[in-house]
Structures are given as C-alpha cells and as structure tokens.
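Student: This is the structure, below, for whatever I ask next.
Just so it is clear, none of the values below were taken in a lab; they were calculated from the coordinates. Just so we're clear, the structure is a prediction, and the values are computed from it rather than from any experiment.
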Amino acid sequence: MQVFRASFAQLWRGNLLVLFVTGLLYWCSMASLLPTLPLYLDGVGATKLQIGIVMGGFALGLLLCRPFLGRLADERGRKIVLLIGTLAAVIAPLGYLVVKSIPVLLVLRAFHGISLAAFSTGFTTLVADLAPPQKRGEIIGNMSLVNPIGMTIGPALGGYLQAEFGNQILFLIAAEFALVALLGTLQIINPPVPPQPQSSPKDHRFWQILVGPKVRAPALVLLLIGLAYGTLSTFVPLFMKSTGVDLNAGLFYSVGAISSFSVRVFATRASDRWGRGLFITFSLVAYTLAMVLLWQANSAMSFLFAALLEGSGGGTLIAMIASVMAERSQPRERGRVFALCIAGFDVGIAIAGPVLGFVAEQVGYRYMFASAAILTLLALLIFLTQSSKDLPSSLRFALGRGQDTYALNKRGVRS
C-alpha cells in the first residue's frame, strides 16, 4: 500500500498537468465545430431533418463504441483509450474538408463520435483513479474545467474562423488542436490500480450493469438531458437565424461555458461537504429553466440568459454524476460503469437530432424547445424519486439531507 501511495503521488504531479492541457486542446477542437457544422450543413443544402440526423449521427459512434471502450480502459489501461479519442479527433475534421454528400457526412460524423466516447471515458476514469476519495468531487470538478474552458474558446474561435476565413481553415485548425492533444496524450503514464477482488462474470455484462440500481437512474437522467442538449447543440444557431436575432451563435456557447466554469468551481468543492445529490438537483432545475427561456426567446439578451442557465446546469451535472459513479464503483469496473452510465447521454444526443428535428419541421424551433423543457422536467422528477433505494432516501439524497445509499464509501452530508 505504501508503494502504491508513493506511485500515486508521483503520477499526481505529472499526469494531471498533462491531462489538463491535453483535455483543453481536445475540447477547443471539438467545440470549434459546435456552432459551425449546422451552418456548414445548411450551406451544402441539407434540410432541417437532415441536419438533425447528421448532427445526431455523432452519438451513434458514441453509443456503439462506448461499452467496448469502457472495457478496454479497464483491461488495457486508460491511455490507449485516450489515444484512440485524440487520433479520431485529428482525422474527422480533415474529412469534413472534402465531404459534401449528406450520407457520407453522417458516416463521418458517427466516426467523430468515437473520438468523444474514447476521450471522455479515458479522461474521466483516469482522473477518478488519481483523485483521493476525500477530495474526489473537487478534483474531478477542477479537471473537468477543461470542458467549459474549451467550450468558451472553441465556439467563439470556430465562429470567427468560419466567418472570416471559411470552412477550410476552420477544419484545419480543429485538426491541429487535436494533433497537439494527441502528442500530449503520448506523455501520459497509466497509474497502478490497487488490487481488488475479482468480479463475477455477471458483473461484466452490459445489461446487468446498465439496468442495475446504481446506474439505472443516473443513466435515465442523462438520456433525457442528452435529448435536450442534442437539441440545443444542433438547433440553436438555426433558431437564432430564423428569429432574426443579431447574435453570433458562438457567443451563446461561450457564455454557457463561462457559466459552467464559474459554477463548477464552487459546486464541485462544495459537493464534497454537502453531497452530490443537492447539486444534481440544482443542475436539473437550471437546465429546465434554460429550455423554458429558449422557448420564449426573442432577443439577444434572452438567448444569452438561457445560455447562462444551461451552462450552470450542464457544467454541474456531468461532474456530479461522474463523482457519484466513481463512488458507486470499484477501480477495476470504473471504466465500464462510466461508459454505460454516460451511454444514456449518448442515446439522447443520437435521437435528439432526428426526433426533435421532426418536431421542428412540424411546429417550428420554438415549440421544439418547449418539448425539451418537458424532458428536463421529467429528468428532475426521476432523480428526486428514483436516485436511491426508496422514495424517502431518494428525496434526502437529492436535497442534500442524506447519504448516497449506493456509495461504496459512505460520506457525510449536512445534517
């Protein structure tokens, strides 16, 4: 055990710094395409439904590959999964340079989704391995700041590059960011995993983990939030364009990322004391209010305020659920547990484009966001009532008044 602790201290100083820089570059690459790809697809003649299908195709790669990548992270180490993620992030933008066909763009977008499945699984699992239990929420939260910082820089940069220099330069810069992230990943060392009892074969089955009580409710919450997020990430630029609001869509995503950064710094540290459930509840309330505001949005200020709320909710939710899953799993199964739980988010994103794109075709963008608000409200109700073993303990956990009954190491919360 002393040898493990000494190795851990050394890896802490080296790996986390490299991981942070690598993650920041990776998310700058990914986020630079968030407000620009829908406009690129619109420019090559795609319909609303086709735009939704192609953008949703991103999650097909996520969904199909995440179980395998989670198992690979547990069996072969986190680094190989990070390498797969960054390499795919280099290749995909180069493909966008030459592809104009909608069916081929769908395939390429699904391939790009493999990148996020691999990188997010490897990154979150590795950080959870390195974080001591008493500071796990704070450290996972601080390291996950690469996402909102990258989401602050990337969309603004992507929108600027597309407007000033065109799509070719945009895609080349996105590939270059990912290439530097790939070079950084090569420097990472897999940490030693302390010995754990061998799991039974039953524990390794996909459905046994996914429908088990410790994963089921968080995965369902992420499914519904994934639907809302997929709607937001795909259709906000086009909604702004249809309303005639004079606002760069990249600014919407940047404001959301700044909000995510600001709230996450406080929430992740406070959750180590007050409990994860309270902050998950806060995030779901904020997400619901953001969707309601988008439903009513008709000015630049209302769009930006919605971004503020969405960033507060989204930034807190992923970090908190990652912490909850870390506390509900052993290191040897953590990659699979993370991958399967986040698969709910992937499914939501995958079906958001075609399903809510169809809604947009029938009733318009505005009422599409009203539908998204109903979904996020349902996610809140599920978490309040299904997050623990019974209704009373679920409510106590969700309101910061009780422990997570599924956590392997029980933690104190406010009395």
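Student: Quick one: which residues, 5+ away or cross-chain, put their amide H under 5 Å from the amide H of Ser329? H built at 1.01 Å from N.
Tutor: For Ser329, whose amide H was placed from the backbone, the distant partners under 5 Å are Leu408.
Student: Please say if the stretch 20-91 is rounded, prolate or oblate, where rounded means a/c under 1.5 for a ≥ b ≥ c the square roots of the C-alpha gyration tensor eigenvalues, and otherwise the choice is prolate for a/b larger than b/c and oblate otherwise? Numbers along the way, then the final one.
Tutor: On the way: a/c = 3.71, a/b = 1.74, b/c = 2.13.
Here the stretch 20-91 falls in the oblate category.
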